[in-house]
Amino acid sequence: MAALIRRQLKGTAARLPLPGSTSAPCIISTAAAGRRGIAAPSASTSVNHRRREPSSATPQLPESHKTLPKPQPLQPLQQSSPRRDALRNAKPFSEFLTDNFNRQHTYLRISITERCNLRCVYCMPEEGVPLTPDSKLLSTPEILHIASLFVSQGVTKIRLTGGEPTIRKDIIELVTELGKLKDKGLKELAITSNGIVLTRKLDKLVQGGLTAVNLSLDTLEPGKFEIMTRRKGLENVLKTIDKALELGVQPLKINCVVMRGVNDYEIPKFVEMTREKPVEVRFIEYMPFDGNKWNENKMVPFSSMLSQIQSLHPTIAKVADHKNETSKTYQIPSFAGRIGFITSMTHNFCGTCNRLRVTSDGNLKVCLFGNEEVSLRDMMRTNDVRKEIVRDGGVGLMQDVRERERMEMERQMLDVIGVAVKGKREKHAGMGDLEHMKNRPMILIGTPAPTAALPSTNPSLRSTPQIPHHLLFPHNYSPTHARFYSTNTKPPPSIPKLPATSPPPLNPHTHTPHPAPTAAATHETTQQQKQQQQQHLTHLTPTGEAHMVPITLKTATPRLATATCTIHFSTPATHSLIHSSQLKKGDALTVARIAGISAAKLTAQLVPLCHNIPLEGVNVVLTLIPPTGANSEPGKPPYGGVEVSATVTCQGKTGVEMEALVAATVAGLNIYDMCKAVDRAMVIDRVRVVEKRGGRSGAWVLGRGGELVNVSEGEGEGEGEK
C-alpha cells in the first residue's frame, strides 16, 4: 500500500504519512527545492492535489486518508556556519581564467621592472645592454588596472617580480595600492627579490599589505656570491631574512637554483638554515632559458638532492602539499623550517598549474616555458579610454573614466585573456625538448621581447620569435635578437671611423705615414672594423674598468698553450761561456728552466686578472743558438742566443696562455740576469704564443706570416682565452 501511495502522489511537494504512522509530513525546504528545480510551498499556501478517478483496478484509500493534511510551516534552517555561508554565497569561477583542462588560474605574477642591481653570470653580461624606453613599459596605473581586472575575475594571489622589483622608485606606493585589492578578493600579496635593498623598505611594504617574500639566494659563501652575481651583497640578503622574520612575514621562502659543480655541495648548509629559522628553503632544478647555456650535466635532479639530504637527515619526512603548490615539501623533525623541491624538469606540476604571468611590457604569458604572449598594454593604449589612464607616474586605477567605456575596454581585454588561457597546453615539453625550445631568458620574463603575430584573427595575440641560446654577446649577437637586464650602463661604443680630412696614421715601427690604401685594402679594413665591432674585451667594462671574467659555469676541458721568446746576445763570448759552463753564476739554462716552471705556477699572483687554476704540466725547454755572423738570416741572433719554449697543460675552465707566456718570459729574464755581467746589451725578443688548444675557439698554431691560424673547430665549451 505504501508503494502504491508513493506512485500515486509522485511529483507532489509533500509525502503522505504511511498508514498507522504518527510522523509529521516531510516538507521540502527552500534550499532543497532550489537544488531540485522545484518551487517549495510557503507556510501560508495550502497544497492541493488532483486525485485520480477510482477504478476497479486501483484499490480505494481509506476515508481517513482521502483528504490530504495541510502542510506544516517550514522548519527553520540549521544555524549557519562560515563554511555553509561560503558555499551558499560562492560565485562561479571566471570562465576567462579557466582553461580547456579545467585549471582555474588564481595566481598572477607581474613583472614591474626590467632593471636589476646584480649581474648574475647565468643571466646577463656584466656591462648590461640598452634599456627599453619607459614609454614601452607598463605604467603604475596600468599595472594597477590589470591587477584589479584579474582580481575581479577570481585571482586571489599576486606576486611582484622583475628584474629586481625593489629598485622601482614607487614600489612602496604600488604595493600600498595593490594592498587595497584585498577588499575585492585578493588574499595574498607577495614579492620575489634578491634581498639586496629590500631590508630598507620591508617595514613600509608590510604596512602597505605585503604578506609573503621569496628571496633568491644561490650560495652562502661571500666569495662565490660575488663571483656569481658580480656584486657584493650576501650580508644584506642575510639581514633581509632576519628582518622579515622579525616582522612576522610568512611564508618566507628562499629559492636556490642548484647547479652541479657550482653550488650543489652547499645543499646541507641551506638545510641547516631551517633548523632554527621558520623559513622554507626551496631547491630548484636548473632550467633551460635562452642565454643560460643550460645542459643536462649541470642539472641536479630532485632525487639526487633528496638523497643527499637523507644521508645526513634520515628522518626527513614528506609534508602534505597545497593543491596548486609548485614545491614538493619536506621537513626534518624538530626543525623550525621546511625544505622544498621545485622539480620543473624531472616531475612537472602542469596538471595543477594555476599561474599566469604579465611581463614588464604588458604581455600575458600563460606558461613559463611557452613563447605565446598576449599584449594587454596595446589594448589599453589603443582603446578609446587611453586618454583617461594616468601616465604621469601618479598612483590611481582610473580617473574620470566613463563607466560604459571602461566596461567595453575590460570586456575586450577579458576576451583576449580568455582566448590566451584557453590556448594553454596541458603540459610543457619534456626535458629533452625544452633544451632546444626558444623562450625568453629567465630574467627576461619581465622584459620586452620582439613579437610576431600568432595564427589567430585577434591582432592582440602575439608570440616571441626564435631567440638564440647565447649569453655574452656571441659572434652573431644583435640587439634585435634578445634582450638582457641592464642598469644605466651604456653598451660599448662602436669603433669610430677616421674623418676624411685626418692625416694618415703613422707606421708604429718607422714613424712614417702608411701608403694610401687601395680599394681592396679599404674593403679589408671595413671587414676588420665590422669584425672588431662584433668583439669586445671581456676584461673591460664600457667605462674601461678591469675585472676578472667569471668562469663558474664553464665546463672544464683539456687545455694546452705554448709560448716562446728569444734572447739575442750582443757578443759571441756569452754563447761561449754558457756552452762551456764557465759562467760564474752557474748553469744558466738549468736555473732558467726551473725559474720558468715556478713562475707558471705563480701566474695568478703576477697577473691580477688571471685565475688561479691547477696546472697538470709545465715543460720549459731552452735551446742554445750558436753565432751565425753578421750575415745571418733575419730574426736569427748574429752573435748567438737562447730560444725558450714553454708548454703548459691542464684540465680547466679557462686557457693557459698566460701561464705559458709567464714561464717563457721569466726563463728569458733569468738568462739575462745570469749573463748580464758579460753582456749588458742582450735583447729579449718575440715573446708570443705559438700554439693554443682547447676551449670554444679551438686549436691555433703560429702561421708562416707570424699570426695564429685556426686549425680545427672548437674543442670544448667556454672561452679559450683568459
Give the residues of region 234-259 that are assigned to a loop (DSSP other than H, G, I, E, B) and surrounded by 18 or more Cβ atoms within 10 Å (Cβ to Cβ), sorted by residue number. Val249
Restricting attention to region 169-209, and to residues there that are closer than 16 Å to Thr140 by Cα, open to solvent by 40 Å² or more (accessible area, probe 1.4 Å) and within 26 Å of the chain's Cα centre (by Cα), which single residue is modelled with the lowest pLDDT? Lys169
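Kindly state which strands (runs of 3 or more DSSP E) lie completely within region 280-360 and contain at least 2 residues that are under 25 Å from Asn263 (Cα atoms) and at pLDDT 90 or above. Before the answer, list the steps.
Working: elements: 280-285, 327-331, 338-342, 355-358.
Once the strands (runs of 3 or more DSSP E) in region 280-360 are filtered for at least 2 residues that are under 25 Å from Asn263 (Cα atoms) and at pLDDT 90 or above, what remains is 280-285, 327-331, 338-342.
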Taking the criterion of being of a type outside the set (D, E, K, R) and farther than 25 Å from Thr343 by Cα, would at least one residue in region 253-263 satisfy it? no
Scan region 605-619 and tell me whether some residue there is part of a helix (DSSP H, G or I) and modelled with pLDDT under 95. yes
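In this structure, is Ala646 in a helix (DSSP H, G or I), out of contact with any Asp or Glu (no Cβ under 6 Å at 6 or more places or on another chain) and either at negative phi or without any contact (Cβ under 8 Å) to a residue 24 or more places away in the chain (or both)? Show your work before the answer.
Numbers: in a helix (DSSP H, G or I): no; out of contact with any Asp or Glu (no Cβ under 6 Å at 6 or more places or on another chain): yes; either at negative phi or without any contact (Cβ under 8 Å) to a residue 24 or more places away in the chain (or both): yes.
For Ala646, the condition - in a helix (DSSP H, G or I), out of contact with any Asp or Glu (no Cβ under 6 Å at 6 or more places or on another chain) and either at negative phi or without any contact (Cβ under 8 Å) to a residue 24 or more places away in the chain (or both) - is not met.
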Could you figure out which of (1) touching a residue at least 24 places away in the same chain (Cβ under 8 Å); (2) in contact with a helix residue (DSSP H, G or I) (Cβ under 7 Å, 6 or more places away or on another chain) isn't true of Asn612? (1)
Members of region 178-200 that are out of contact with any helix residue (DSSP H, G or I) (no Cβ under 6 Å at 6 or more places or on another chain) and basic (Lys, Arg): Lys180, Lys182, Lys187, Arg200
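The values are calculated or read from the model by the stated rules, or taken from the named source; none is laboratory data. Small disclaimer: the values here were computed from a predicted structure and weren't measured. Note: ideal-geometry Cβ built from the backbone for every residue, glycine included; neighbour counts use all protein chains shown. In case anyone asks, the SASA skips ligands and DNA or RNA and just uses the protein heavy atoms, side chains included. Shrake-Rupley method; radii C 1.70, N 1.55, O 1.52, S 1.80 Å.
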